[in-house]
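So the structure is just underneath, and the comments pick up after that.
The values are calculated or read from the model by the stated rules, or taken from the named source; none is laboratory data. Remember, it's a predicted structure, so these values are computed and weren't measured experimentally. Cβ coordinates were reconstructed from backbone atoms using ideal geometry, including for glycine residues, and neighbour counts include every protein chain displayed.
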C-alpha cells in the first residue's frame with residue numbers, strides 16, 4: 001500500500017483473509033473515506049483497510065457528520081475492487097450484514113438492520129455503513145466501504161444523538177477492546193464480501209431476515225421528497241418496496257426512514 005500523509009501510527013496484518021490483510025491505523029484523519037480513496041487511486045489492493053482513532057470531518061449518508069470522540073468508535077474504510085455488478089446497493093447490503101453479524105457475536109443479544117444499512121440494538125443506532133464508488137465507463141474502478149461502529153461511545157456527550165444512538169459498551173455493560181472489535185468485524189466482512197462474489201441473492205436473503213423495517217408504516221425521506229406507506233419487501237438488489245395509501249408500490253434505492261405513528 002502506498003505511503004500516506006499523515007503517516008499511520010501502526011500497521012496490522014490478517015494474512016488469513018482478503019479484507020483486512022493489511023490495515024493502516026491512524027491517530028487522526030479528516031475522514032477514513034478520503035484516506036482510503038486516495039490510497040485506492042495510488043494503487044491500494046482490494047481489501048486494504050484504513051482505520052482511525054478519530055476523524056475531524058467524518059461523514060455518513062447524505063454528507064451528515066459522524067459524531068465520535070477519540071477511541072469511542074471503530075472508524076474504518078475498505079478499498080474494494082469488485083466487479084461492476086457488485087457496487088452500490090449490494091455492497092451496502094453485504095457491509096451492513098457483516099456489521100450486524102459482528103455486533104450479534106460481540107453482544108449475544110438480538111439486533112436488527114434498519115433499511116438501508118443502519119444496524120440497531122433495541123431500536124437505537126449502533127453502526128452505519130456508507131458506500132462511495134469511482135467507476136469508469138469501461139467498468140473499472142473501485143468502491144470505498146465505510147463503517148462507523150459505536151464501541152465505547154457515550155451518546156449523551158454529543159448533541160442530537162443521545163436518544164437515538166447506543167454503543168457496544170452500553171449494551172454489554174462495560175468498555176470493549178477496539179482491536180478485538182476490529183478483528184471480529186473484518187472477519188465477518190471478509191466472509192460477506194466473498195459470498196457476494198458468489199452471488200447476490202443469498203446475501204440479500206440473509207440480510208432481509210434481519211430487516212426491522214419490513215411490515216412497518218414508514219416515511220422515507222429522499223433528496224427530492226418524501227414517500228410514505230408500508231415497507232412490504234426488498235428486491236434482489238436490496239431496494240425497498242414501499243406501498244403507499246393508493247396501493248402504488250415504489251422502488252426506493254436510498255433514503256432516511258422514520259416510523260409513522
Quick test for you: out of 253, 168, 240, pick the one residue that is in the same structural domain as residue 102 (by TED's automatic domain parsing) and either under 20 Å from the mean Cα position of the chain (by Cα) or within 20 Å of residue 98 (Cβ to Cβ) (or both).
168
Matching residues in region 245-257 (free of Cβ contacts under 8 Å to residues at least 60 places away in the same chain and surrounded by 12 or more Cβ atoms within 10 Å (Cβ to Cβ)) number 3
Of the conditions (1) assigned to a loop (DSSP other than H, G, I, E, B); (2) modelled with pLDDT of 95 or more, the single one that residue 138 does not satisfy is (2)
Please find, among 144, 126, the residue that is within 15 Å of the chain's Cα centre (by Cα) and under 16 Å from residue 106 (Cβ atoms).
126
Based on this model, can you work out whether residue 104 counts as touching a residue at least 12 places away in the same chain (Cβ under 8 Å) and not in a loop (DSSP other than H, G, I, E, B)?
no
If you go through 156, 190, 177, the only one that is at pLDDT 95 or above and surrounded by fewer than 19 Cβ atoms within 10 Å (Cβ to Cβ) is 177
Run residue 233 past the list (1) within 20 Å of residue 91 (Cβ to Cβ); (2) touching a helix residue (DSSP H, G or I) at 6+ places or on another chain (Cβ under 9 Å) and report the number of the one that doesn't hold.
(1)
Look through 87, 131, 119 and report the one residue that is at pLDDT below 95 and under 11 Å from the mean Cα position of the chain (by Cα).
131
Total residues in region 15-59, condition assigned to a loop (DSSP other than H, G, I, E, B) and in contact (Cβ under 8 Å) with a residue 24 or more places away in the chain
17
